[in-house]
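Worksheet: one structure, shown below.
The values are calculated or read from the model by the stated rules, or taken from the named source; none is laboratory data. None of the values given here were measured: they were computed from a predicted structure. Positions of Cβ are backbone-derived with ideal geometry, glycine not excepted, and every protein chain shown enters the neighbour counts.
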Amino acid sequence: MLRLGLIGAGRWGKVYIRTIEEMAPRLRLIRVATSRPENSWKDLVASPDCDAVIIATPAPLHAEMVRACLEAGKPCIAEKPLCFDAATAQALKEQADKARLPVLVNYIHLYNPATRALKKAVVSAGKPIRAILTEGMDLGPFRADTGTLWDRCPHDVALCLDLMSGAGPVSDFSAAGAFPDAQGRPEMVTLRLGWQGGATAWIQTGRLSPQKKRTLSVITDSFLFHFDEQAAVKCRRIPFDYPGRTEAARSGPLPKEGEPLPAPEKPAPMEVMLSAFADQVEKQAPLEGLGLTVELTRVLEGCAKLLKI
Ligand SMILES: NC(=O)c1ccc[n+]([C@@H]2O[C@H](COP(=O)([O-])OP(=O)(O)OC[C@H]3O[C@@H](n4cnc5c(N)ncnc54)[C@H](OP(=O)(O)O)[C@@H]3O)[C@@H](O)[C@H]2O)c1
């Protein structure tokens, strides 16, 4: 049994509480800390009763709390974003590697069985990725401490980096934003990421859409793979002649339906993530490390500079 302490019991912390209850007896929630001084998070981290810690507080607190967990010898899950600059991400990675302690940053869509099924289909098709398109939209959540770039884009960038792992670092990127909030941070953000091999990712995120959207499309020379969290058929594979698309279009409209790919709806992504973390802590799986997070933070820090925020 893994005994967990949770820091932050707000909207998202409550989802942790529910999921951990459902995962008994493998997981058990021992302590919860909030901003109330009588439930100090430092006491929780130091408590010998907690084998590992979950950090679901506002983003500016994550780095300090992860550092304290590592100093106390505790594996931890941190909500995204881990931090706002690559130097801090790199320092935390080195601290975690040295301590040989798992630190998992929760990019929740990486633990969705449907996006995993899509990735598996892309990999088994065996062709290089030419393009990735993602959309992550909703109305809110509006947070005083984090704008769209750092609140929503980590999900999209994590999906792209995970798909492109092995292609080297992002070699160039650009960013555009619109509709600044009171602190000048754009509510809608578009990012373009490029890799040396010629692949490009196009990311559209925002919190001014009345319609919740989470889509991911991956284009190779022969197929378009598509995931849509809101659709009845979540994953599809559509035959698509990407290099010859203009020629192919002459023979009639492209079939957009394609074939459904098996996309399991269960277990819930948070359950998959907690189970992967428990495996890491119990050393049944290799340490995941913070490599993806360092690269993600480097890219978003660069985009923040381009957006002048
Ligand atoms: N991965 C995902 O899909 C996903 C989805 C939603 C949110 N998140 C992330 O989860 C985090 C929390 O979001 P939320 O929507 O749950 O926020 P929230 O509703 O504002 O809850 C924040 C929690 O943190 C606690 N807190 C604030 N300052 C603290 C401090 N100094 N010490 C200890 N606890 C403190 C608050 O305590 P009080 O209860 O005393 O106010 C509250 O319980 C954010 O980083 C967000 O990005 C991730």
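Close Cβ contacts (under 9 Å, 6 or more residues apart or on different chains) running from residues in the range 210-227 that are within 14 Å of residue 123 (Cβ to Cβ) to residues that are basic (Lys, Arg) and buried (at least 21 other Cβ atoms within 10 Å of the Cβ) comprise 225/236.
The one condition from (1) in contact with a Lys or Arg (Cβ under 6 Å, 6 or more places away or on another chain); (2) of a type outside the set (D, E, K, R); (3) at pLDDT below 95 that residue 290 does not meet is (3). Against the numbered list (1) at pLDDT below 95; (2) in contact with a Leu (Cβ under 9 Å, 6 or more places away or on another chain), residue 205 comes up short only at (1). Residues that are in a strand (DSSP E or B), crowded, with 17+ Cβ neighbours inside 10 Å and of a type in the set (A, V, I, L, M) within the range 157-203 comprise 170, 175, 188, 189, 191, 193, 201, 203, listed in sequence order. Set side by side, the residues 239, 253 differ, and just one is exposed (fewer than 15 other Cβ atoms within 10 Å of the Cβ) and without any contact (Cβ under 8 Å) to a residue 12 or more places away in the chain, which is 253. Restricting attention to the range 135-152 and to residues that are more than 9 Å from the ligand (Cβ to nearest atom) and not in a loop (DSSP other than H, G, I, E, B), the residue that is nearest to residue 305 (Cα to Cα) turns out to be 149.
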